[in-house]
Amino acid sequence: MDDDCTMKLTNLNTRDGIGANSMFVEIGPFKILIDAGLDPKSIGREALPDYSFIDSALDFMVLTHCHLDHLGSLPVIMRRHPQAPILCSVPTANLAPRMLINSYNVMMRQREELHIPEYPLYPQSDIHAIEKQFMTLPFERPRIFDKDGQELTVTLYASGHIPGAAGVLFEYKHRRVFFTGDVLFRNMNIIRGAAFPTGKLDVLVTETTRGDTLRKTDHTYEEELKRFIHTIHRTILQGGSVLIPVFALGRMQEVLFILNEAMRDGAIPECPVFASGLGVALVDHLDALTKKTGLVNFRKKILQDLNAKPLARDLMPGVDLQPKGIYVLSSGMLVESTPSYLAAASMLGHPHNAICFVGYCDPDTPGGRLLATPHDDSYSFPTLDYVTRVRAHVERFDMSGHADREELLDFAINASPRAIVLTHGDPSARAWFEDEFYAHPVTASAKIINAEPSMYYDV
Ligand SMILES: [Zn+2]
Ligand SMILES: [Zn+2]
């Protein structure tokens, strides 16, 4: 790099779309890694970012949040850079080891079931080793790093999305570079929405997840929530059960919060509630973070108020769920062998039931396949050797954990950066942002970079 103000960004993700998020950042003398994900759609070493681009010791890492597409390979890279501090928020430092233990256990199971000898990708002791490396930063409190007589200021900003999630601002020689991480601007019940830096930025690295999701103007979150509660109400009154497949971290607790309020207000009739999976184990963590940090708003008492019970272990495909009630189960995309997958196999063939999706479903997952299957067509659960007709009511509610594309566009336009780097989205989602930025007078002359897999850019 000729000008030492130049920043070099290397996208270590080897996939188009979301993949394994990891970005190697070189600013002046500083070498920084942002996130260390695992690709949820790949198996074995294929799921790792390409860490071979990192040619020298890392000064530090930034972990934006605890979803596995950002966190899953942290022990792998920390083994090579054991002295590097990991900058993150207090909730992220608290939740990351628990999420990694779960990921480790899944790998151990897949090693047997799918015969993947390279699993697990790290020993369990590596999870404990990285716990010592967390360096927590409060949001909006700058921290200065020195190297070779140069100074770099690092500040985390709350990015909504899930508990602990952060964007990160680097300030170097009066240049401002901001990475959004995964973002939700709207407040949830259990966390506040993103509070990002104001003022001009030089470089913006933005997620683009919902770039191909058109939101109709009359289709507000409040209306979506009403529709969701109405469907649950109707299903319970007609004697059916409701399955709500959820992501374990954040989404499950948000849904339990909503159900608790709706039952208290009489918007949903009193009925049994069931909750199973990693999300229930995370409740203790969120309860402690609520008391300790004020950055989360979820108390264990909500589970007690709902009298939530675990899912029965003896489910049979095609034999309807007993007792009738509301089942809040992970995973969110009905991934094989998870509680939501097993419950769906029990209830899908019965017309009085409803399956309510509240988050994103990749088209290649069982949840994505179900959403694409017309009512009354047949649907298969291959790992259970079971096929049924879709008789239950299947509905999707747009309650995404990611910002609407227009909100991200507005943020970028207000920041009027010299360069915009597009990450974390399918090619069609990124294309929408690219077109909009070129069309807008404020960003038309900016350098727009669509971060390709395993590519580096000088910005
Ligand atoms: Zn995320
Ligand atoms: Zn992500």
If the convex hull of the alpha-carbon atoms of the chain is projected onto planes in all directions, what is the mean projected area in square nanometres?
21.4
Can you give the relative contact order of the chain as a percent, counting alpha carbon pairs under 8 Å and 6+ residues apart?
16
To the nearest 20 Debye, how big is the dipole of the range 369-459 about its Cα centre, given +1 on the beta carbon of each Lys and Arg and -1 on that of each Asp and Glu?
160
Dipole in debye (nearest 20) - the range 263-332, about Cα centre, beta carbon charges: Lys, Arg +1; Asp, Glu -1
280
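What order, most packed first, do the peptides 81-87, 92-98 have when packing is the mean number of other Cβ atoms within 10 Å of each residue? Intermediate results must be reported in sequence, preceding the final value.
Numbers: 81-87: 18.0, 92-98: 22.0.
Listed from highest to lowest mean packing, they are 92-98, 81-87.
Could you give the size of the charge dipole of the chain about its Cα centre, using +1 on the Cβ of each K and R and -1 on the Cβ of each D and E, expressed in debye and rounded to the nearest 20? Show your work: numbers first, answer last.
Values: 44 positive and 57 negative charges, 261 e Å.
So the dipole magnitude of the chain works out to roughly 1260 debye.
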Tell me the angle of helix 251-264 to the major Cα principal axis of the chain, expressed in degrees between 0 and 90 and rounded to the nearest ten.
50
Inter-part gap, Cα centre of the range 1-58 to Cα centre of the range 309-355, in whole angstrom, is 39
accessible surface per residue for the range 221-396, probe 1.4 Å, DNA/RNA/ligands not counted, whole Å² -> 43
Could you give the angle, 0 to 90 degrees to the nearest 10, between helix 221-237's Cα long axis and the longest principal axis of the Cα atoms of the chain?
20
Going by the alpha-carbon gyration tensor, a ≥ b ≥ c the square roots of its eigenvalues, is the range 310-427 rounded (a/c under 1.5) or, if a/c is not under 1.5, prolate (a/b greater than b/c) versus oblate?
prolate
Using the Cα centre of the range 354-453 as origin and beta-carbon charges of +1 (Lys, Arg) and -1 (Asp, Glu), tell me which of Thr388, His424, Phe357 is placed farthest towards the positive end of the dipole.
His424
What nm distance separates the two modelled labels at Ile144 and Ala439, each placed 7 Å from Cα along Cα→Cβ?
4.5
Would you mind telling me the share, in percent, of accessible area of the chain contributed by carbon and sulfur at probe 1.4 angstrom?
52
For the chain, what is the calculated [θ] at 222 nm in deg cm²/dmol (nearest 500), taking -39500 (n - 2.57) for each run of four or more DSSP H residues and dividing by its residue count?
-9000 deg cm²/dmol
Give the shape of the range 174-276 as rounded, prolate or oblate, defined through the alpha-carbon gyration tensor: a ≥ b ≥ c are the square roots of its eigenvalues, a/c under 1.5 means rounded, and otherwise the shape is prolate if a/b is larger than b/c and oblate if not.
prolate
Using alpha carbons only, how many degrees (0 to 90, rounded to 10) separate the axis of helix 427-439 from the longest principal axis of the chain?
50
Starting from the Cα coordinates of the range 108-159, work out the convex hull volume and express it per residue in Å³.
160
Centroid-to-centroid separation of the range 231-302 and the range 436-459 [C-alpha atoms, Å]:
40
For the range 221-396, which semi-axes, largest first and in whole Å, follow from the square roots of 5 times the eigenvalues of its Cα gyration tensor?
26, 18, 15
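The values are calculated or read from the model by the stated rules, or taken from the named source; none is laboratory data. A quick note: this is a predicted structure, and the numbers were derived from the prediction, not measured. Glycine also receives a Cβ, built like all others from the backbone with ideal geometry; neighbour counts cover every protein chain displayed. Remember, those area values only see protein heavy atoms, side chains included, never the ligands or the DNA or RNA. Shrake-Rupley method; radii C 1.70, N 1.55, O 1.52, S 1.80 Å.
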